[in-house]
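*Asks:* Please read through the structure below; I'll follow up with questions.
Values in this text are rule-based calculations from the coordinates and carry no lab data. Keep in mind the model is a prediction, meaning the values are calculated, not measured. Cβ coordinates were reconstructed from backbone atoms using ideal geometry, including for glycine residues, and neighbour counts include every protein chain displayed.
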Amino acid sequence: MKRRNLLKGLAAAPLLVAPVWRGWAAAPARGAVSVEELQKHWKDFLAPGVDVALTTEPLKRSNEEWKKILNPAQYNVLREEGTERAGSSPLNDEKRPGVFVCAGCGLPLFTSAMKYDSGTGWPSFFTAIPGAFATKKDGFLIYTRTEYHCVRCGGHHGHVFDDGPPPTGQRWCNNGVALRFIPKAGKA
């Protein structure tokens, strides 16, 4: 009986220390700006004249059309719900003011003010632009996670967890290949 309890304890240990290694407490200071204000004024992060999708009208394309538009890594993540290798995205280090849009359809999803370094190896955000995503539950090993998809093209982006920084406590863990960054200073 003691051995079984020891094994249960060892199995649960990574879950107890996970927030420590994720570095969620290292989120940048956001001053007096509220999450609601960030979400309301997300267009302030757009470059003048930039062309992004401002409609959430569903975009329908065949798999063959998606294969022509997306590179193989993007297709795997956005259309087949794959996951890119941790630490492989240059967007992990992106710190310029701007907007992160869906690589599949150009819908704005996050701003640079919503991003933080989670230490996970994937671009992470503590909130999203309202209405950008639809969520669903998916089973993974012994627990259920919340998966999110672009509302416009249905592309898979990642999972949202409740181990993020204040003020939301959320970590929108996004595959970098599913995003395109548009700096406020100009087009990317």
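*Asks:* If each of residue 143 and residue 55 carries a label point 7 Å out from its Cα toward its Cβ, how far apart are those two points in nm?
*Replies:* Spacing of the two 7 Å Cα→Cβ label points: 4.0 nm.
*Asks:* Tell me, what is a quarter of the convex hull surface for the C-alpha atoms of the range 88-188, in nm² with one decimal? All intermediate terms of the calculation are to be shown ahead of the outcome.
*Replies:* Working: hull surface 25.6 nm².
With the hull built on Cα positions only, its mean projection is 6.4 nm².
*Asks:* Can I ask one more? Taking loop as defined by DSSP and a crowding limit of 13 other beta carbons within 10 Å, which trypsin sites (Lys or Arg not before Pro) in the range 128-188 fit?
*Replies:* Working: sites: 136, 137, 145, 152, 171, 180, 184, 187; in loops: 152, 184, 187.
Answer by residue number: 187.
*Asks:* Apply the a/c threshold of 1.5 to the C-alpha gyration tensor of the range 38-152 and tell me whether it is rounded, prolate or oblate. Could the numbers behind the result be given before it?
*Replies:* On the way: a/c = 1.43, a/b = 1.12, b/c = 1.28.
Verdict is rounded for the range 38-152.
*Asks:* Now a separate question. With an 8 Å Cα cut-off and a minimum separation of 6 or more residues, compute the relative contact order for the range 91-143 in percent. The partial results should precede the final answer.
*Replies:* On the way: 56 pairs, mean separation 14.3, N = 53.
Relative contact order comes out at 27 percent.
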